[in-house]
Each structure stands twice: as C-alpha cells, then as structure tokens.
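The values are calculated or read from the model by the stated rules, or taken from the named source; none is laboratory data. All values derive from a computational prediction rather than experimental measurement. Virtual Cβ from ideal backbone geometry, glycine too; neighbours counted across all protein chains shown. Ligands, DNA and RNA are stripped out before the accessible areas are found, and what is left, the full protein with its side chains, is counted by its heavy atoms. Shrake-Rupley method; radii C 1.70, N 1.55, O 1.52, S 1.80 Å.
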Amino acid sequence: MSGAALGIEIVVVFFLALIILHRYGDFKKQHKLVIVATLLAWHLCFLIVFILPLDVTTTIYNRCKVNLNSSPPESTTSNVSYTTPAPRKHECFKPWSYIPDGIMPIFWRVVYWTSQFLTWILLPFMQSYARSGGFSITGKIKTALIENAIYYGTYLLIFGAFLIYVAINPKFNLQWSQLQTIGIAAANTWGLFLLVLLLGYGLVEIPRSHWNGAKKGYLLMKTYFKAAKLMTEKADAEENLEDIMEEVRKVNESFKYNHPLRKCVDTILKKCPVEYQERMGRNMDDYEDFEERPNTYPTEKNLAKLHKQVIYSVQRHRRTQVQWRILLEQAFYLEDVAKNETSATHQFVHTFPSQEPENKIARYLYTPTVEWYWECLLRPWFHRILAIILATFSIIVVWSECTFFSTRPVLSLFAVFIKLAEKNYNYFYIEMACFLTIFFLSICVYSTVFRIRVFNYYYLASHHQTDAYSLLFSGMLFCRLTPPLCLNFLGLTHMDSTIAKSLEQPTAYTSIMGSMKVLSFIADGFYIYYPMLVVILCVATYFSLGTRCLNLLGFQQFMGDNEMTSDLIDEGKELIRREKRKRQRQEDGENRRREWKERYGNNREDSSRNRNVPADQKESSFTETNTTRLASKYTRSNGRNERDRVELLQDAEPLDFNADSVGEDPLDSDSGRYQPGGRYLSMSRSRIFDDV
C-alpha cells in the first residue's frame, strides 16, 4: 500500500470537487478556463484537508523509528532506570497508509505554491477578465490589467519597502529561505484573521440550524420569509433587465448595418434573452450615412460597459427565476409535511406531483409509507441527535482553541486523543480522529463561505446559477483559508513543533512552512492568542448580534421576535398561496384537456379522415354513411353526453326545412319536439288540422 492511499485520495477528492462544482457552476454556458481554474483551486484545498491525516500517521511512524534506533541498549545495572522506556519493536509497525520518505515534502510544496499562485495572481486576474465587457481577448486582458494594477501595486509596494528596509539595516542578514518564510507567514496571518471570523460563526450556526430544523413550522416560516425577500429581488431583477434591454434597443436602432461597431452590437444582442432578440431585429433597412452624425453614436467603451451590464442583468434575472421555482417547490413540500403529520393512514400525500422525473428504484424503495415515517416521525429526531453531536464537537473545538498552547499539562482534548492513540500506535484511530477533527473544522469554515452573500457581487447559488465572478472568488477564499486551517489543526493536536516546543520530527506540511522564529511576535503571539477570539465570536453568533445589527441597518433578517419579520412572513404566505392557486388552476386545465382528448380524440380523428375521402367516393357513399351514422348514434340509449358529442364533433346534416315528410327517427322520440328533417312534430302537415 506504499503510496496507494495518496493516489486513491487524490482521485476521490477530484470527483468530490467536480460534483460540488457541478451543483453551483454551469459547465455548458460558463467559460472553460473559469471552470478549470475553480476546479483546480477547490481540488487543491480539499486535497490538503484529506491528505493531512496521512501526513500525521507517517510522521508518528517516523518518530517511532527514530526513537527505536536512538534508544540505548538495556543495561544490566539495576541502579539505572529510564523515565520513558523505548518502544518495543512490535509496537513500531508500518501503517497501511504509509507514504515513503521524500514524497510528502514535494507533494506539499507543489500543492501549496500552486494554491498561492492561484489565489494571489491568477484568480484575481481571471475575475476581472470574466466581468469585463470587452469584445475581444485583448480588450478583456487590458481591462483586467488596469483593474488589478492597484491590487498588485499595493503588494509590490509593501514588499519593496520591506526589502529596502532589510537591505539598509545591518542588523538583518536575511537569506532567501527566511524571506520565503516571511511571505508564508504574511499570507497565513491574513488567512488566520479571516478563518477565526468564519469559524466562530460556523461553530454555532451549523448545530443551531439542525436543531431549528427539527422544530415544527420553523422551516416553513423561514421559507415564507425567504419568499417575500426573493419576490422583491425578483421584481427588481426584472425591472433592471427591462431598463437594460431598452438601452440595448436604442443602441440597436441607432447603429446601421454598415457601422464599424455593428459587430459589437451584435455581440451584445447574442447575450440578451431570446424573447428580446426576437423583438429587436437587426436594423438593415436604412442606408443612412452614419458619418454625418458622429457624436450621436456611443463609443466602444460605452458599448463595453453596456455589454457588462447585459451579462450581469441576464445572469441575475435567470438566477432569481430559478430560485423562485425551487423555493416554491420547497414551500409546497413543507406545507405537505405539515398536513401529513396528522394523517391517520400514515401515507404521505403530495399536493402536486414532482416536477423532476422519478427514479424507478427510488420510487420502489421510498414508498409513501416510508416517506411519511421519515418526514413526519424520524427526520426531526435525526436532526436533534445530529445537532447534539455537532454542538459537542463545537464545545471541544472552542475549549481546545483556548488551551492548545498549554503543553504541560496538555489541555487540548484533540491533543489528548492523539497522544493516547500514539502510545499504542493505533494508526487507524489516529487517522480517523485527525480526519473527523479537520473535516469538522473545514465544514464550519467552508459552509460559511457557501452561505455568505456580499450584496450581488459574491453569491454562491446552487442549481448551476453561480456566475463566474463568484466561483473564482470562492476559489480565492478556499486557497487563502486552507493553509492556516491546517496549521491551526496541527496546533490543536500538538503536531506542530512550534506549538509543542519539542525537538521531535515535524510533519512534512510544517517543514515547508519554515521556522516562524524569524517573526517571533507572530509565532509566539498572534498564532497562539488570536484564535481565542473565537469564544467572543461564538457568543455573538449565539445571541445573533450580527443579525440584529444588519436588521437595524435595513437588511431584513429572519428574527422570530421582530415585527418586520412577521410582516414578511405574512407576505410570503400570501405569495405562496397565490402561486398554489395558480398551479392548481393550471393542473385542472391540463386534466380537463387530457380527459377531453381521451374521450373525443378518436372521433375527431375519424372526422378528419372522412374529410380526406375523395369527392367521388363521398357522393357514392353519402346516403349510406349518413344512414349508418344516424342509426348508430342518434339513439335513445346514448343519453345527454352522446348528444353533446354528436352536436360538437360530427359533421351535422344540413337541415331541410322544405321536406315534406319525416324519414328518420327523431333525436329524442319521447320528447316529440324535433326531427332530423328539420321539422317539429307539433308543426308537421299531417297533424296541423287534426283538431278541426
């Protein structure tokens, strides 16, 4: 298994990142370079999280070998004793996931520096390139360079000033390795600052969200609240799109077919929705010379700005439309859950059928009875148990963040668990403990990245509705947060030699970071005491201080004890009720059309075939056909429905009001009112003078 575990995890993590990216990105519409860059960033960050436990077990095994080789031989003198006996040979066995020497340092170096290149150079440039409204590759690159000039210039200015200070000051004799360590420390410091903020929110919000999910009616009320806010955003997006399309229409009408910038206008039109493209045809019927009025035409810079606005408004409009449909399905389903909780049959009944095609295997296993027991009985308890487990993990993390700097005694619970397993060299337990710990930390941090929203500039929307700018920005955040997250994990478990203050062999991941003793105020101060702020952030999140502040600033947030929240819930409930009535009317209409087609479709096909018969055949069989039709259909046994069908769908015979006799049976012989010949029985000649 030498190196096999590393290869397997690389492949598994790649497909995991690909699946998650497919949920948020759109592989068909977005640029391939955006997809590749985001996938690479996500893959590297997830890979660091999954590979780090293997690095820990390999380091423990290497320490075991070093201690075994350096242990003194057993002495025959009874006066000599050792406080730490050397491990026996049978205790120091190779783990199943052992990675040979020399592979991990190269692997970490490639992964780390690639992620840093992505987050600080490539991804910011691609963000500006993706949002640029240029009409050529050169124009987009030029716009991206101009937008990133301040971004790159600030870092170069700081780094240049630092180099000049070091070169002038004779006290410093820095080498390249030390400069490299300083750069890594600066990047990790920035990442740790953001990491603690996100971690403090996730440690409280994730367990609380599962606990609230078990409450009856909570998710439904929150869905009503989201519906009211989303409807406002949807209306704003539609209005914005209408305004942008009006500008595009004016530009399209002003530029003639022979204008040099007509190609730019055509590029803008291709980005518009199809219904707007049909309204705005190309203006090719006017051969007016455009050079006579040069000042009335927008410049290429203005067209690029309009192009950028079109891309943004179309993406926002499409996203709000998809989110509204998804939210409606969620609201309808939650209302069905609330109705089925009191069902005596224990059968889950849906108000509307699912819009997505159902899997036959899932439909066979997930029956209405199983669905009722899961949704109405088991799911709330599952969320409660999961919330308790996650809350326990959060408490352990908070305690360890505040005490991991203490090595004697060891107060960090994660370090205690790892030390106990290290004594017995139980590598499987070590890997599972490390994996669960870093996986929970990464879930708390990464889930916050997926939840936060910075107005409309950064927003990760599921169901393929995330724009390129937000995807690239998420890749930047992951690459900046993952290295300090791993260093924080190694500090919690005392696998970082800087924290443990030991001379034992460090992990390969720590070795590429270099010695932080070059910047002692960071290594001995910021890295140790700053994570303690997670306690304050957890308390602030528990009492929803951030939510209350945003609510005071005018950003409506879901709060149970707020009047504005109650008003939005009522508004959302009315919106859902209106959409539900609309859906019911549509389904009723479809059902009526389907029944009408099933009942009368065959007769309509027969009548259409009769119309296609040649004229000579019609004349020869006219009398026979009419006699057969009337004899078979104008009967008393057909009833009212049969009469309606005959009158509406069949080619009726022309009424002959001049006929002298009644030759056919009446439509209803009992009524005595009407005959096919056009006569009423009370008005026939044979009976008009019967009373005289």
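Among the candidates VAL337, VAL310, the residue that is among the hydrophobic types (A, V, I, L, M, F, W, C) and within 17 Å of LEU220 (Cα to Cα) is uniquely VAL337. Please work out which residue is nearest to LEU436 (Cα to Cα), limiting yourself to the range 359-416 and to residues that are among the small types (Gly, Ala, Ser) and out of contact with any helix residue (DSSP H, G or I) (no Cβ under 7 Å at 6 or more places or on another chain). The extreme case among them is SER406. List the number of the failed condition for ILE361; all other conditions in (1) more than 24 Å from ILE206 (Cβ to Cβ); (2) without any contact (Cβ under 8 Å) to a residue 60 or more places away in the chain; (3) surrounded by 16 or more Cβ atoms within 10 Å (Cβ to Cβ) hold. Among (1) more than 24 Å from ILE206 (Cβ to Cβ); (2) without any contact (Cβ under 8 Å) to a residue 60 or more places away in the chain; (3) surrounded by 16 or more Cβ atoms within 10 Å (Cβ to Cβ), ILE361 violates only (3). Screening the candidates LEU441, LEU390, LEU377, LEU436 for the property of being more than 26 Å from the chain's Cα centre (by Cα), at negative phi and among the aliphatic types (A, V, I, L, M) yields one hit, LEU377.
Do you know which of the residues in the range 324-354 that are of a type in the set (Val, Ile, Thr) and open to solvent by less than 60 Å² (accessible area, probe 1.4 Å) is nearest to THR369 (Cα to Cα)? Of everything passing the filter in the range 324-354, VAL337 is nearest to THR369 (Cα to Cα).
Residues checked against (1) hydroxyl-bearing (Ser, Thr, Tyr); (2) on the phi > 0 side of the Ramachandran plot; (3) part of a helix (DSSP H, G or I):
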residue	(1), (2), (3)
LEU194	no, no, yes
GLY200	no, no, yes
TRP211	no, no, yes
LYS215	no, no, no
TYR224	yes, no, yes
ALA227	no, no, yes
GLU233	no, no, yes
ASP236	no, no, yes
LEU241	no, no, yes
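Quickly run through the range 206-242 and pick out the residues that are closer than 22 Å to SER313 by Cα and in contact (Cβ under 8 Å) with a residue 40 or more places away in the chain. Give the steps one after another, and end with the answer.
Taking the range 206-242 as the starting set, the residues that turn out to be closer than 22 Å to SER313 by Cα are 226-242.
Correct list: LYS226, ALA227, ALA228, LYS229, LEU230, MET231, GLU233, LYS234, ALA237, GLU238, ASN240, LEU241.
Within the range 249-272, residues that are open to solvent by 30 Å² or more (accessible area, probe 1.4 Å) sit with their Cβ atoms under 7 Å from residues that are among the basic types (Lys, Arg), at 6+ positions apart or across chains, in these pairs: TYR257/ARG282. Selection of the range 295-320 for residues being of a type in the set (Gly, Ala, Ser) and either within 20 Å of the chain's Cα centre (by Cα) or open to solvent by 30 Å² or more (accessible area, probe 1.4 Å) (or both) yields only SER313. Please pick out the residue among GLU205, GLU147 that is acidic (Asp, Glu), surrounded by 16 or more Cβ atoms within 10 Å (Cβ to Cβ) and modelled with pLDDT under 90. None of the other options fit; the residue is GLU147.
Pairs meeting the criteria (first residue in the range 340-351 and over 15 Å from ARG379 (Cβ atoms), second residue β-branched (Val, Ile, Thr), beta carbons under 7 Å, at least 6 apart or on different chains) are GLN347/THR369. If you filter the range 529-566 down to residues that are open to solvent by 80 Å² or more (accessible area, probe 1.4 Å) and part of a helix (DSSP H, G or I), you find that the one that is farthest from THR448 (Cα to Cα) is GLU563.
Consider the range 128-144. How many of its residues are open to solvent by 60 Å² or more (accessible area, probe 1.4 Å) and in contact with a Phe, Trp or Tyr (Cβ under 6 Å, 6 or more places away or on another chain)? Selection size over the range 128-144: 1. Of all residues in the range 454-469, those satisfying the criterion of being open to solvent by less than 70 Å² (accessible area, probe 1.4 Å), of a type in the set (Ser, Thr, Tyr) and over 11 Å from the mean Cα position of the chain (by Cα) are TYR458, TYR469.
Looking at (1) under 26 Å from ASN67 (Cα atoms); (2) at pLDDT 90 or above, which is the one condition that is false for PHE473? It is condition (1) that PHE473 fails.
Restricting attention to the range 418-427, the residues being free of Cβ contacts under 8 Å to residues at least 60 places away in the same chain, of a type outside the set (Gly, Ala, Ser) and either part of a helix (DSSP H, G or I) or touching a helix residue (DSSP H, G or I) at 6+ places or on another chain (Cβ under 6 Å) (or both) number 2.
Table: residues versus (1) touching a helix residue (DSSP H, G or I) at 6+ places or on another chain (Cβ under 8 Å); (2) of a type in the set (A, V, I, L, M); (3) under 22 Å from ARG279 (Cβ atoms).
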site	(1), (2), (3)
ALA187	yes, yes, no
TYR201	yes, no, no
PRO207	yes, no, no
TYR224	yes, no, no
MET231	yes, yes, no
PRO260	no, no, no
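When ARG408 is tested against the conditions (1) in a helix (DSSP H, G or I); (2) open to solvent by 80 Å² or more (accessible area, probe 1.4 Å); (3) of a type in the set (Lys, Arg), the lone failure is (1). Are any of the residues in the range 411-429 open to solvent by less than 70 Å² (accessible area, probe 1.4 Å), among the polar types (S, T, N, Q) and over 16 Å from PHE393 (Cα atoms)? No, because not a single residue in the range 411-429 is open to solvent by less than 70 Å² (accessible area, probe 1.4 Å), among the polar types (S, T, N, Q) and over 16 Å from PHE393 (Cα atoms). Could you tell me whether GLY200 is under 27 Å from the mean Cα position of the chain (by Cα) and either under 25 Å from CYS486 (Cα atoms) or modelled with pLDDT under 85 (or both)? Taking the combined requirement at face value, the residue satisfies it. In this entry, TRP381 passes the filter for residues that are assigned to a helix (DSSP H, G or I), touching a residue at least 40 places away in the same chain (Cβ under 8 Å) and exposed (fewer than 15 other Cβ atoms within 10 Å of the Cβ). Would you please list the contacts, defined by Cβ atoms under 9 Å and residues six or more apart or on different chains, that run from a residue in the range 505-531 that is under 30 Å from LEU68 (Cα atoms) and at pLDDT 75 or above to a residue that is basic (Lys, Arg) and open to solvent by 30 Å² or more (accessible area, probe 1.4 Å)? What qualifies is ILE512/ARG109. Just name the residue that is nearest to LEU261 (Cα to Cα) out of those in the range 287-334 that are of a type in the set (D, E, K, R) and modelled with pLDDT under 90. So the residue we want is GLU300. Based on this model, can you work out whether ARG594 counts as open to solvent by 90 Å² or more (accessible area, probe 1.4 Å) and either within 22 Å of THR223 (Cβ to Cβ) or in a loop (DSSP other than H, G, I, E, B) (or both)? When the stated conditions are applied, ARG594 does not pass them.
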